[in-house]
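K.L.:
Structure below; questions to follow.
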Amino acid sequence: MATTTIDTDTELSAVNSILGAIGQSPQTTLNFDNPEVSLIFNLLRDANVDTQAEGWHFNTEYHVKFTPDANKKIAIGNDILSMDLHDNQARRHHDLIRRNGFLYDKIDHTDEFDGDVDLDVVRLYVFEDLPIIFRRFITYRAMTAAATQLVANPNLVRLLTNQASLARAALQEYECNQADYS
C-alpha cells in the first residue's frame, strides 16, 4: 500500500504559488537576481511580518524574563515584534521600547536596568515554523499584493482578495480554537 506524502508549504512553494497566480512560471530555487522573484519574496516577507505583528496565540508569550548583561543592558532581538512590561497597563511606571537593539525606558530615559524585566512579547517566526493555516493566509495575502502590483486584471485581484478573506476566516477560527477563547 502506498503512503501519501504531503509537502508542507515553504517559502519557495509560496513564491511559486504566487507566481502561478499571476501567470508566471515556477522557480526551482529562490533566485534573487530575478527582480520579479525578489519582489514576490519581499511581498511574502512583508505579509508574514504584518500578519504575525497582530499577535496571535502561537507567537505571543507572557511573563518572559529578560536579564541585563554585565553593562546593565537588555538585548532585544529582531525576532521581537512588540513588547510591553507585564501588567504595565495597570501601573504605568515604565514605557519600554527597543532602541539600538536594547530595551529602553522612555519614562526613566535609560537603557540600563538593575534587575530582570518581565515582558509580554510578540515574536516573529520564520515562515516554515508557522502553523500551516498561517502560511496559507500569508501566501494569499502576498498573492493579492502581487496581483495588484504586477497584473492589470481587477477580476484576478477580486478573486484573490476573496480567497485571502476565506483564509483569514479559517485562520481566526483556528486562533479561537487554539487559544480557547469563549
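K.L.:
Of all residues in region 92-134 being in contact with a helix residue (DSSP H, G or I) (Cβ under 8 Å, 6 or more places away or on another chain) and open to solvent by less than 20 Å² (accessible area, probe 1.4 Å), which is nearest to Tyr62 (Cα to Cα)?
P.N.:
By that ranking, first place goes to Val122.
K.L.:
Just the residues that are open to solvent by less than 40 Å² (accessible area, probe 1.4 Å) and within 17 Å of Leu124 (Cα to Cα), please, taken from region 67-83.
P.N.:
Ile76, Gly77, Ile80, Met83
K.L.:
Within region 59-84, track down each residue that is within 11 Å of Leu103 (Cβ to Cβ) and among the aromatic types (Phe, Trp, Tyr).
P.N.:
Phe66
K.L.:
Within the group Val117, Val121, Val126, which residue is aliphatic (A, V, I, L, M) and free of Cβ contacts under 8 Å to residues at least 40 places away in the same chain?
P.N.:
Selected residue: Val126, the only one of Val117, Val121, Val126 that is aliphatic (A, V, I, L, M) and free of Cβ contacts under 8 Å to residues at least 40 places away in the same chain.
K.L.:
Please identify the pairs in which a residue from region 162-182 that is among the basic types (Lys, Arg) has its Cβ atom under 9 Å from the Cβ atom of a residue that is open to solvent by less than 70 Å² (accessible area, probe 1.4 Å), counting only partners at least 6 apart or on another chain.
P.N.:
Sorted first by the residue in region 162-182, then by its partner, the pairs are Arg168/Phe137; Arg168/Tyr140.
K.L.:
Oh, and also: Tell me which residues, restricted to region 146-178, are open to solvent by less than 100 Å² (accessible area, probe 1.4 Å), among the small types (Gly, Ala, Ser) and farther than 17 Å from Thr51 by Cα.
P.N.:
The one that is open to solvent by less than 100 Å² (accessible area, probe 1.4 Å), among the small types (Gly, Ala, Ser) and farther than 17 Å from Thr51 by Cα: Ala147.
K.L.:
With region 26-102 as the region, which strands (runs of 3 or more DSSP E) entirely inside it contain at least 2 residues that are of a type in the set (Ser, Thr, Tyr) and within 22 Å of the chain's Cα centre (by Cα)?
P.N.:
60-66
The values are calculated or read from the model by the stated rules, or taken from the named source; none is laboratory data. Keep in mind it's a predicted model, so treat the numbers as computed, not measured. With ideal geometry, Cβ positions are generated from the backbone for all residues, glycine too; neighbour counts draw on all protein chains shown. Please note that ligands, DNA and RNA were not included when accessible areas were found on the heavy atoms of the full protein model with its side chains. Shrake-Rupley method; radii C 1.70, N 1.55, O 1.52, S 1.80 Å.
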